[in-house]
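Reading through the structure tokens given below for one structure.
The values are calculated or read from the model by the stated rules, or taken from the named source; none is laboratory data. The model shown is predicted, which means the values in this text are computed figures rather than measured ones. Cβ placement follows ideal geometry from the backbone for every residue including glycine, while neighbour counts extend to all protein chains displayed.
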Ligand code: ARG
């Protein structure tokens with residue numbers, strides 16, 4: 001009886017090795033999918049916060065009252081933050097170091113105690129325990145009496161972004177007007193071997209946002225400097241570039257992912273002429289036709305030269321529906337891009353404006369960075385407005401690289 005049943009069952013059931021093979025196959029698919037997801041969503045790296053303390057015993061900062069004055073606090077804070085930046089930018093952890101903020105300065109009998117929050121990003125596969133030791137020993141090599149402990153602070157708030165000291169008077173880059181001093185304090189000029197190449201936007205005391213295509217010729221930080229102020233020459237301030245992070249999915253000549261962040265040092269002080277702009281939330285969307293502004297040192301006409309004086313132009317956001325029409329840019333407008341300007345032409349960005357800011361203010365007169373000058377057909381031509389990288393689309397990417 002069971003002999004009759006036997007072959008029957010065998011014919012319907014899968015052989016054990018097929019089952020094992022199928023299981024293995026589906027397991028591989030699952031593991032690979034998870035791997036891809038983790039890789040592309042960028043969650044294989046996590047921000048980690050460490051609390052460090054150190055003492056300077058040779059500092060005399062006490063006033064008569066025994067307190068550290070606001071003036072001294074600012075100065076010491078800046079000095080210490082720059083010191084910690086230098087320490088980690090020059091260390092083996094440079095790729096993982098994001099930023100630091102001095103949170104308290106305490107005047108003690110024999111000097112000043114500094115409490116600093118340091119932000120790092122490590123692959124989640126690494127063990128946290130070993131990292132504490134490394135951070136501590138790097139700090140300790142440069143400053144005495146240090147301690148580094150992990151902490152669970154969620155975010156360190158940047159100083160008031162997006163406020164400017166001059167009122168908005170734009171009369172109406174290509175065909176733009178010369179900008180007033182202090183009007184666009186977040187504008188920077190990125191220079192390779194001392195020559196202006198691109199615009200960039202200050203988003204904190206040491207980070208800039210710009211376009212990826214600016215680094216097509218070289219992404220070696222040693223060749224690049226950044227200057228601030230409304231003139232390229234003489235600049236108000238100049239800094240050395242320390243790190244250039246181009247979007248890992250940017251592939252020239254494709255124009256998607258045209259975004260990069262740049263870290264320089266030492267940090268710039270927050271003044272009337274140099275200050276950072278706010279980054280929008282991921283969710284913000286602007287209405288077509290709303291007013292925005294672009295600024296840059298770029299050419300005044302196609303084929304022209306970069307300018308020494310910063311220029312500004314007022315533009316309107318053009319909806320994707322309009323910009324994707326066949327006689328405008330059709331299917332060249334991809335995700336993470338938007339158009340701004342006028343279909344009649346005239347006002348537009350041009351060569352040398354790339355990487356620079358497209359900004360708008362909210363009802364409280366706080367300015368936000370919405371776009372990065374990316375590309376366009378010619379400059380100021382009819383039906384060929386400027387195309388900008390959509391900062392809201394890449395907001396999380398910026399956060400993942402800068403902690404901002
Ligand atoms: N890609 C150009 C540059 O390197 C500027 C692009 C903007 N062009 C335009 N027509 N809006 O500076």
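Against the condition closer than 27 Å to residue 267 by Cβ, touching a strand residue (DSSP E or B) at 6+ places or on another chain (Cβ under 9 Å) and modelled with pLDDT of 70 or more, how does residue 58 come out, does it pass? Steps first, answer last, please.
Values: closer than 27 Å to residue 267 by Cβ: yes; touching a strand residue (DSSP E or B) at 6+ places or on another chain (Cβ under 9 Å): yes; modelled with pLDDT of 70 or more: no.
No; evaluated as a whole, the condition is false for this residue.
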Q.
If I filter segment 207-239 down to residues being outside any helix (DSSP H, G or I) and under 20 Å from residue 390 (Cβ atoms), which single residue comes out as farthest from the ligand (Cβ to nearest atom)?
A. 207
Q) Of all the residues that make up segment 366-380, how many are outside any loop (DSSP other than H, G, I, E, B) and more than 8 Å from the ligand (Cβ to nearest atom)? A) 6
(Q) Can you find, within segment 12-38, the residue that is modelled with the lowest pLDDT among those that are surrounded by 11 or more Cβ atoms within 10 Å (Cβ to Cβ) and either in contact with a helix residue (DSSP H, G or I) (Cβ under 6 Å, 6 or more places away or on another chain) or within 30 Å of residue 404 (Cα to Cα) (or both)? (A) 38
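Scan segment 173-206 for residues that are outside any strand (DSSP E or B), within 16 Å of the ligand (Cβ to nearest atom) and surrounded by fewer than 17 Cβ atoms within 10 Å (Cβ to Cβ) and report the count.
As a first pass, look at segment 173-206 and keep what is outside any strand (DSSP E or B): 173, 175-176, 179-186, 193-194, 203-206.
In the following step, the residues that additionally are within 16 Å of the ligand (Cβ to nearest atom) were identified as 173, 175-176.
Those still in the list that are surrounded by fewer than 17 Cβ atoms within 10 Å (Cβ to Cβ) too: 175.
Of the residues in segment 173-206, 1 are outside any strand (DSSP E or B), within 16 Å of the ligand (Cβ to nearest atom) and surrounded by fewer than 17 Cβ atoms within 10 Å (Cβ to Cβ).
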**Q.** Given (1) closer than 18 Å to residue 370 by Cβ; (2) modelled with pLDDT under 85; (3) touching a strand residue (DSSP E or B) at 6+ places or on another chain (Cβ under 6 Å), number of the condition residue 161 does not satisfy
**A.** (2)
Q) Using beta carbons and a limit of 7 Å, which pairs, at least six apart or on different chains, have the first residue in segment 378-392 and more than 15 Å from residue 301 (Cβ to Cβ) and the second one near the ligand (Cβ under 8 Å from one of its atoms) and not in a strand (DSSP E or B)? A) 385/376; 387/376; 389/211
Q: Find the residue count for segment 106-146, including only residues that are closer than 23 Å to residue 86 by Cβ and surrounded by 12 or more Cβ atoms within 10 Å (Cβ to Cβ).
A: 26
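Output the number of residues of segment 94-105 satisfying the condition of being surrounded by 17 or more Cβ atoms within 10 Å (Cβ to Cβ) and more than 19 Å from the chain's Cα centre (by Cα). Write out each step before concluding.
Taking segment 94-105 and keeping what is surrounded by 17 or more Cβ atoms within 10 Å (Cβ to Cβ), we get 96-102, 105.
The next check asks that each one be more than 19 Å from the chain's Cα centre (by Cα); those that pass are 102, 105.
Number satisfying all stated conditions: 2.
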(Q) Which residue is nearest to residue 375 (Cα to Cα), if the candidates are limited to segment 323-365 and must be near the ligand (Cβ under 9 Å from one of its atoms) and in contact with a helix residue (DSSP H, G or I) (Cβ under 8 Å, 6 or more places away or on another chain)? (A) 354
Q.
Looking at residue 257 and the list (1) closer than 15 Å to residue 401 by Cβ; (2) touching a strand residue (DSSP E or B) at 6+ places or on another chain (Cβ under 7 Å), which single condition is not satisfied?
A. (2)
Q | Odd one out for residue 299 among (1) surrounded by fewer than 17 Cβ atoms within 10 Å (Cβ to Cβ); (2) farther than 30 Å from residue 81 by Cα | A | (1)
